[in-house]
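These notes concern the structure reproduced below.
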Amino acid sequence: MTLNLPSLAQNVIDSYLKMRVNNKVIVCPYFTNIENARAGLRVFLGKATAKEIVDEVKFIAQKKQIDLNEISEPELYKLMADHNLGIDCSGLAVYITQALYKEKKGINILKKIKIASPWLNPWRYLVSKLRPVENISVRVLAKDKNSLKVKNFSEILPGDLIIQDNLRHIYIITEIEKEVDQIKKITYIHAPRPKDKDYFGPGIKEQTIFLEKNNLEELAEKMNHEITIKRLNF
Amino acid sequence: MNIFNYFILSHSLLFTIVSALIAFIFAPFLIYVLKKLKIKRSFELDPSRGISQRLKKEGTPIMGGLLMVLVILFLTVFFNWDKRFTFVPIGVMCLSAFLGVWDDLSNIFGKKRTVSSLKENLAIIKTHPCKLYRGVLILTLPWIIFKNAFHIFSPQPTKGVLPHEKIILQFTAGAITAWWIVFKLGEEWLHVWIPFNGEIYLGYWMIPIIIFTVILFANAVNISDGLDGLSGGVLVSAFVGLAILSYFQGSLPFSILNATVIGSLIAYTYFNVKPARFQMGDAGSLSMGALFAVMMIAQNRLFLIPFFGFIFLVEIFSVIIQTFWRYGLGRRFFKMAPLHHHLELKGWAEEKIVARFWIINIFMVILGLWLAIH
């Protein structure tokens, strides 16, 4: 039995995996917030939708009088990397889960996710109300107020979040293959930070792990990280 | 209301003709001087340089607004000087023109200037070893916040006058106007006319309203001055509306002043339509914007400003909306603000944008005039 993400969430993934920029179809690059920028357009903060990223690269090309039909794919990636265009891991997770919960439960998770306390940090609370996506990090998604640990490994579902215990990265499960109650295969998507600082190229990866023991420890071992699987509790 | 006043009509038309003729004769000379002095448009720090048609305007002389300012000044001082009615509008126009000239010349010949951010200053306050210096910075923190508050509307580096400096000078112009209206013109100017309703008494509330209106319109016309013929043509329709109003009101000094402005604007716009021989620059846009606001207030038709200056308001609100959307929501509302840049990026031809904006403003002026007679 194969469990997949519903169509809206899959459309979001496709929009990042198959970004059409004029005559090219590319994978959205990764965004790195090296300067720790906070304000400004979210498209330059790694928190934009695929459409916003495409629109922005077209706008930049128009300003610089670059013909996007003429440049090569590596040149396009470089152009995007030079202008901080891309998506980061938490941004990707937010948009996928937003689409998932909208379709499954009719909920807008941006209105439900608790980011800051209005009493302890009123300014941050106000900012997070206006700009929720930019303020949702892996840490925010991992908070117990927002997500609960999936205790039974066999009950994990597409849309669940695999969170590194150091809260530095997040993956979203997109497909699960089961035999009876045993999980045999997990496919997930993520936007990993490139090892090389000067890398420019595809930034989103969809990977598959085959399991034999059907437990979290095996998954963690194969992913080379201490992880927890959580599900938004909305 | 006067339906037909031969004296006012005749003099207004005469001043329009004379003003236009003087401006027509003077314009080529002004263009020559501006070119000789290399007072030309540069897109080095202009955020709209990315729009491909923009770069064709590189090298166009700016400060062409001096044509209007000097012609209006000359004719008013020598033929329409009235200490009660024309003294302050001309004074405010000249003060705004001075600011505009300073900005235009600094943009061409000055050095790049930025505003030090609040974040930087707070970091210095936390870490600087000298207590006295930290104390000074703490005391000047309100000033730094003030500077940064206006910087968000114009965050690009500039060589010209910084936004907060402009606001201070414009505030001064607005304050002078407010002083004149509230304390010199008379009690009736403390009432604001509302169509279909008569008048409401605002008293000293007129002071902040006047200051705000002068600042708003000086900047609105400045922002709108981005396409050949745009500001000039829209100002013509706006001042024609004002001239018709002043004629109905039976005010000779205001009728003649408005007529003088129309004449100079006609000549200016003739040379400014695409391809422009010169542009008005801040010298023209700030002065004409301030003058427009002053005249609308002086003729006690504040309520008609959104009609007579419709396009200018649309343009400045497009900038305000874009700024709020950018910093408040992190997204673009328009491809680029103000609105005419957005339309250019959507593929509208410059001539189409200008023509349509003229037509829309003419319609709104007609609508405003209809309201004025009720």
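The values are calculated or read from the model by the stated rules, or taken from the named source; none is laboratory data. Since the model is a prediction, treat every value here as computed from it, not as a measurement. As a convention, Cβ positions derive from the backbone with ideal geometry for all residues, glycine included, and neighbour counts pool all protein chains shown.
Among the numbered conditions (1) surrounded by 18 or more Cβ atoms within 10 Å (Cβ to Cβ); (2) not in a helix (DSSP H, G or I), the only one that residue B:116 does not meet is (1).
Of everything listed in (1) of a type in the set (D, E, K, R); (2) touching a strand residue (DSSP E or B) at 6+ places or on another chain (Cβ under 6 Å); (3) buried (at least 17 other Cβ atoms within 10 Å of the Cβ), the single unmet condition for residue B:159 is (2). Of the candidates B:152, B:176, B:168, the single residue that is outside the structural domain of residue B:213 (by TED's automatic domain parsing), within 29 Å of residue B:287 (Cβ to Cβ) and within 24 Å of the chain's Cα centre (by Cα) is B:152.
Show me the strands (runs of 3 or more DSSP E) found entirely inside region A:157-234 where at least 3 residues are among the hydrophobic types (A, V, I, L, M, F, W, C). First the steps, then the outcome.
On the way: elements: A:161-164, A:170-179, A:182-190, A:205-210, A:227-232.
Ranges flagged: A:161-164, A:170-179, A:182-190, A:227-232.
Matching residues to (1) charged (D, E, K, R); (2) in the same structural domain as residue B:273 (by TED's automatic domain parsing); (3) within 22 Å of residue B:305 (Cβ to Cβ):
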{"site": "B:337", "(1), (2), (3)": "no, yes, yes"}
{"site": "B:343", "(1), (2), (3)": "no, yes, no"}
{"site": "B:346", "(1), (2), (3)": "yes, yes, no"}
{"site": "B:349", "(1), (2), (3)": "no, yes, no"}
{"site": "B:352", "(1), (2), (3)": "yes, yes, no"}
{"site": "B:357", "(1), (2), (3)": "no, yes, yes"}
{"site": "B:360", "(1), (2), (3)": "no, yes, yes"}
{"site": "B:363", "(1), (2), (3)": "no, yes, yes"}
{"site": "B:366", "(1), (2), (3)": "no, yes, yes"}
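Under the condition of being among the charged types (D, E, K, R) and either within 14 Å of chain A (Cβ to nearest Cβ) or within 23 Å of residue A:58 (Cα to Cα) (or both), the residues counted in region B:307-366 number 7.
Pick from A:117, A:154, A:147, A:90: which is over 15 Å from residue A:231 (Cα atoms) and of a type in the set (S, T, N, Q)?
Working: A:154 fails: over 15 Å from residue A:231 (Cα atoms); A:147 fails: over 15 Å from residue A:231 (Cα atoms); A:90 fails: over 15 Å from residue A:231 (Cα atoms).
Of the residues listed, the single one that is over 15 Å from residue A:231 (Cα atoms) and of a type in the set (S, T, N, Q) is A:117.
Note on region A:51-93: residues that are buried (at least 18 other Cβ atoms within 10 Å of the Cβ), within 14 Å of another protein chain (Cβ to nearest Cβ) and at positive phi amount to 1.
In the set A:107, A:113, A:96, A:136, which member is within 14 Å of chain B (Cβ to nearest Cβ) and within 25 Å of residue A:175 (Cβ to Cβ)? Working first, answer last.
Working: A:107 fails: within 14 Å of chain B (Cβ to nearest Cβ); A:113 fails: within 14 Å of chain B (Cβ to nearest Cβ); A:96 fails: within 14 Å of chain B (Cβ to nearest Cβ).
Result of the check over A:107, A:113, A:96, A:136: A:136.
Among the residues of region B:304-318, are any closer than 24 Å to residue B:372 by Cα and surrounded by fewer than 18 Cβ atoms within 10 Å (Cβ to Cβ)? Within region B:304-318, one or more residues are closer than 24 Å to residue B:372 by Cα and surrounded by fewer than 18 Cβ atoms within 10 Å (Cβ to Cβ). Of the residues making up region A:213-233, those that are loosely packed, with under 15 Cβ neighbours inside 10 Å and of a type outside the set (D, E, K, R) are A:215, A:224, A:233.
Yes or no: region B:250-259 includes at least one residue that is closer than 16 Å to residue B:222 by Cα, in contact (Cβ under 8 Å) with a residue 24 or more places away in the chain and touching an Asp or Glu at 6+ places or on another chain (Cβ under 8 Å). Full working, then the answer.
Start the filter on region B:250-259 by keeping residues that are closer than 16 Å to residue B:222 by Cα, which leaves none.
No - not one qualifying residue is present in region B:250-259.
Within region A:111-138, the set of residues being more than 19 Å from residue A:44 (Cβ to Cβ) and in contact (Cβ under 8 Å) with a residue 24 or more places away in the chain comprises A:112, A:113, A:114, A:115, A:138.
Within region B:327-365, track down each residue that is more than 30 Å from residue A:127 (Cα to Cα), surrounded by fewer than 20 Cβ atoms within 10 Å (Cβ to Cβ) and either touching a Cys at 6+ places or on another chain (Cβ under 8 Å) or touching a residue at least 24 places away in the same chain (Cβ under 8 Å) (or both).
So in region B:327-365, the residues more than 30 Å from residue A:127 (Cα to Cα) come out as B:340, B:343-365.
Filter once more, so that each one left must be surrounded by fewer than 20 Cβ atoms within 10 Å (Cβ to Cβ): B:345-349, B:351-352, B:355-356, B:358-360, B:362-363.
Once the filter is applied, which keeps residues that are more than 30 Å from residue A:127 (Cα to Cα), surrounded by fewer than 20 Cβ atoms within 10 Å (Cβ to Cβ) and either touching a Cys at 6+ places or on another chain (Cβ under 8 Å) or touching a residue at least 24 places away in the same chain (Cβ under 8 Å) (or both), region B:327-365 yields B:345, B:351, B:358, B:360, B:362.
Output the number of residues of region A:168-212 satisfying the condition of being over 18 Å from residue A:4 (Cβ atoms), of a type in the set (Val, Ile, Thr) and surrounded by fewer than 19 Cβ atoms within 10 Å (Cβ to Cβ). So the answer is 1.
Surrounded by fewer than 19 Cβ atoms within 10 Å (Cβ to Cβ), within 14 Å of another protein chain (Cβ to nearest Cβ) and not in a loop (DSSP other than H, G, I, E, B) - does that describe any residue in region A:15-31? So far as region A:15-31 goes, no, none of its residues is surrounded by fewer than 19 Cβ atoms within 10 Å (Cβ to Cβ), within 14 Å of another protein chain (Cβ to nearest Cβ) and not in a loop (DSSP other than H, G, I, E, B).
When residues in region B:119-149 are screened for being surrounded by fewer than 14 Cβ atoms within 10 Å (Cβ to Cβ) and either in the same structural domain as residue B:323 (by TED's automatic domain parsing) or among the aromatic types (Phe, Trp, Tyr) (or both), 2 of them pass.
May I ask you to verify whether residue B:43 is modelled with pLDDT under 90 and more than 17 Å from residue B:101 (Cβ to Cβ)? Yes, satisfied.
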